[in-house]
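Working notes, beginning with the structure itself.
The values are calculated or read from the model by the stated rules, or taken from the named source; none is laboratory data. Note that this is a predicted model, so its numbers are computed, not measured. Quick reminder, even Gly has a Cβ in these numbers, built from the backbone with ideal geometry, and neighbours come from all protein chains shown. Heads up: the accessible areas ignore ligands, DNA and RNA and are worked out on the full protein's heavy atoms, side chains in. Shrake-Rupley method; radii C 1.70, N 1.55, O 1.52, S 1.80 Å.
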Amino acid sequence: MNVLEIGTGTGYSTALMCHRLGSECVTSIETNEGVARRARAALTGSGHTPHLVVGDGRAGHRAGAPYDRLIATCGFRSIPPAWLEQVRPGGVILTTLRGWMRSLGLVKLIVTGDSASGWFSEDDPSFMIARRQDAPESLGRVPGPDDGTVRKATYEPEVLTSSRPAFMAQLAVPDARFFSMALEGGPVNTFLLDSVTDSFAVLAPTDGGGWQVRQGGPRRLWDAVESAMGTWEEYGSPNTAAFGVTVSHDQQVVWLGNPNGPQWPLPS
Ligand SMILES: C[S@@+](CC[C@H](N)C(=O)[O-])C[C@H]1O[C@@H](n2cnc3c(N)ncnc32)[C@H](O)[C@@H]1O
């Protein structure tokens, strides 16, 4: 098989593939020049001579296409369109998807012409986010104490940190990040901020023991999180193996149960 790897790193996984397939069938892309240089030395030293490319793995490597397999060992927010063009129909893309709040997990996609589809694995592996996919430095506008509209929250901010609910939150608000802090010596509030649409949700405990949420901006972030949580509970609170991804040139979605089930778009 002809394989494209994204994220050469130390060269260890590249060496394993060379051992199995022969160096001439392995192409590996690393974005960091120094890391790529060390990997080349290590691979040459162990008798392997794969095709090593320094560049951005999102572009793939057209010269070596078509590939039977593409494996990425860094996390992407969505599937780069070049991968669909360079992996042959029937070929496989294996990558971790991740967001700015957490990893979504490992997905195995079968390519069929100009689209690809497949399921998440049950385990929850995570890689560093790929360079040029990382979050903007600024978290976005932190709202003032009177900004936004208030309602009672159905779910607590713990949704953002506990494993399976956090997967749903990542799907529901793909451009958001959060932090918690005490306001002027008061209780700890959780701020969920979306710097792309400039939207916010602030969760605060109420005297009655529940939570309230104050939301503003073009996207009602907590409404989206609660709607995704409701759907997930309706489907029996499944693990990641119940979810899949379909990718085409005009859209990429994560679905629950089957490709026509509830859907959440991946960021383009
Ligand atoms: C977890 S390490 C890879 C581990 C590697 N497969 C090994 O066996 O050592 C992730 C690597 O991906 C590289 N990387 C990050 N973003 C990238 C991108 N956009 N294109 C190519 N490589 C990237 C990083 O520099 C890092 O070396």
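Based on the Cβ-Cβ distance of Q212 and N260, what FRET efficiency does E = 1/(1 + (r/R0)^6) give at R0 = 41 Å, to the nearest 0.05? Don't skip to the answer; put the middle values down first.
On the way: r = 36 Å, r/R0 = 0.88.
So the FRET efficiency works out to roughly 0.70.
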Fill in the blank from the handout: Sorted by chain and number, the residues with a modelled amide H under 5 Å from that of Q252, at a separation of 5 or more or across chains, are L266
Handout entry: Positive dipole terminus of segment 149-234, leading residue within L221, S162, G210 (C-beta point charges)
Key = L221
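If you put +1 on each Lys and Arg Cβ and -1 on each Asp and Glu Cβ, how big is the dipole of segment 149-234 around its Cα centre, in Debye rounded to 20? Display every interim value, and only then the final one.
Numbers: 7 positive and 11 negative charges, 21 e Å.
Taking the Cα centre of segment 149-234 as origin, the dipole is about 100 debye.
Give me the net charge of W100's neighbourhood, meaning all other residues with Cβ under 11 Å from the Cβ of W100; Lys, Arg count +1, Asp, Glu -1. Intermediate values should be presented prior to the final figure.
On the way: positive: R77, R98, R102, R177; negative: D134, D175, D194.
Local charge sum for W100: +1.
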Fill in the blank from the handout: Relative to the chain, whose Cα atoms define the longest principal axis, helix 221-234 and its Cα axis are tilted in degrees, nearest 10, by 70 degrees
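Out of the total accessible area of segment 174-251 (probe 1.4 Å, heavy atoms of protein only), what percent is carbon and sulfur? Intermediate results must be reported in sequence, preceding the final value.
Details: 1680 of 3440 Å².
Result for segment 174-251: 49 percent of the exposed heavy-atom area is carbon or sulfur.
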Practice task
Kindly report the accessible area of the chain per residue (heavy atoms of protein chains, probe 1.4 Å, no ligands, DNA or RNA), in Å².
Solution key: 47 Å²
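Express in nm, to one decimal, how much length is gained between R151 and S13 on full extension, taking 0.36 nm for each residue of separation and deducting their alpha carbon distance. All intermediate terms of the calculation are to be shown ahead of the outcome.
Working: separation 138, 0.36 × 138 = 49.68 nm, distance 5.03 nm.
44.6 nm is the gain from fully extending R151 to S13.
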Handout entry: Per-residue [θ]222 nm for the chain (sum of -39500 (n - 2.57) over DSSP H runs n ≥ 4, rounded to 500)
Key = -6000 deg cm²/dmol
Problem - Rounded if a/c under 1.5, otherwise prolate or oblate - segment 168-231, Cα gyration tensor axes - result: oblate
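Would you mind finding the longest exposed-site-free stretch of the chain, with exposed GluC sites (Glu not before Pro) meaning DSSP loop and at most 16 other Cβ atoms within 10 Å? The partial results should precede the final answer.
Numbers: sites that count: E122, E137, E184.
In the chain, the maximal stretch lacking such sites is 1-121.
Can you give the net charge of the other residues whose Cβ lies under 12 Å from the Cβ of A224, counting K and R as +1 and D and E as -1?
Local net charge: -2.
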Completion exercise
So, with points 7 Å from each Cα along the Cβ direction, the A59-V35 label distance in nm works out to 1.8 nm
Fill in the blank from the handout: Other residues with Cβ under 10 Å from the Cβ of C25 give, with Lys and Arg +1 and Asp and Glu -1, a net charge of 0
